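Written out below as structure tokens is the structure these notes cover.
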Amino acid sequence: MSTNLDQLAAAQKANTEVMMTLMRTAFEGMEKLAALNMAASREFFNASVANAQQILAAKDAQELAKINASLSQPNVQKLMEYSRSVYDLVTQMQQEVTTAMNSQYSDFSKKASATIEKTSAQAPVGGDVFAAAMKSMLDATNQAFGNMQNMARQMTEIADANLQAASSATAKAVGSTAAGKKK
């Protein structure tokens with residue numbers, strides 16, 4: 001009985017450590033996101049003030065059109081940089097959470113396998129059927145966990161490819177717009 005209580009206490013301690021790691025990761029991520037948003041807000045405000053001063057200094061409609069055209073490109077680039085920073089932050093957090101979950105699941109899987117083996121060796125007649133069922137269930141769980149990991153990796157790759165494509169398309173659009181307005 002004492003061994004079971006010790007195992008239960010150890011499992012609870014491990015779960016608590018994983019939860020603390022996940023909470024720490026979440027708080028650090030929120031802190032980084034808040035800092036990123038404050039920096040972006042500050043930059044947006046400063047750029048808005050500078051842009052307003054340039055627009056107010058325009059002497060005629062043609063100069064105003066040139067100023068307006070020159071102001072759009074940096075703003076789009078800043079928006080893309082901000083989006084990339086948010087994406088990088090989310091990707092980093094996802095990797096940290098995945099690492100913690102993989103570690104916990106790996107430990108659980110090893111302990112469950114050892115317990116099944118130990119139980120099947122000590123089981124009375126017919127107990128090996130129960131042990132085989134438990135092993136089959138553990139194998140299915142391992143396969144499902146592996147599939148979830150693969151899906152998460154694929155989703156990350158798709159999101160990265162989409163962000164790269166959007167960045168490229170935006171850069172081309174801003175470049176062609178700027179080139180067209182210079183003519």
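Within the shell of other residues whose beta carbon sits under 12 angstrom from the beta carbon of Ala39, the net charge comes to +1, with Lys and Arg scored +1 and Asp and Glu -1.
When only the Cβ of Lys, Arg, Asp and Glu is charged (+1, +1, -1, -1), the dipole of region 2-182 relative to its Cα centre reaches about 580 debye.
For region 26-114, rounded, prolate or oblate, judged on the Cα gyration tensor with a ≥ b ≥ c (square roots of eigenvalues), a/c < 1.5 rounded, else prolate if a/b > b/c? Don't jump to the answer; show the numbers that get you there.
On the way: a/c = 11.93, a/b = 4.02, b/c = 2.97.
Note, shape of region 26-114 comes out prolate.
All Cα-Cα separations within the chain were binned at 10 Å from zero, giving a P(r) of 7, 20, 22, 16, 12, 10, 7, 4, 2, 0, each value a whole percent of the pairs.
What net charge is computed for the residues neighbouring Lys118, neighbours being all others with C-beta under 15 Å from the C-beta of Lys118, Lys and Arg scored +1, Asp and Glu -1?
Details: positive: Lys110, Lys111, Lys135; negative: Asp6, Glu117, Asp128.
That sum, taken over residues with Cβ under 15 Å, equals 0.
Counted by Cβ distance under 14 Å from Ala100, the other residues give a net charge of -3, where Lys and Arg count +1 and Asp and Glu count -1.
Build a GNM of the chain with springs between Cα atoms under 10 Å apart, and of Thr115, Thr98, Thr156 the one that fluctuates most is Thr115.
Taking every lysine pair in region 2-182 that is 8 or more places apart or spans two chains, those with Cα atoms closer than 26 Å amount to 20. Place +1 on the Cβ of every Lys and Arg and -1 on the Cβ of every Asp and Glu in the chain, take the dipole about the Cα centre, and give the residue among Leu33, Leu163, Ala50 whose Cα lies farthest towards its positive end. After comparing all options, I get Ala50.
Using Cα pairs closer than 8 Å and at least 6 residues apart in sequence, work out the relative contact order for the chain, in percent. Working shown, then result.
Numbers: 54 pairs, mean separation 56.0, N = 183.
Contact order relative to length: 31 percent.
Computed from the coordinates by the stated procedures, all read-outs in this text should not be read as laboratory data. All of these numbers come straight from a predicted model, not from anything done at the bench. All Cβ positions, glycine included, derive from the backbone under ideal geometry; neighbour counts span all protein chains shown.
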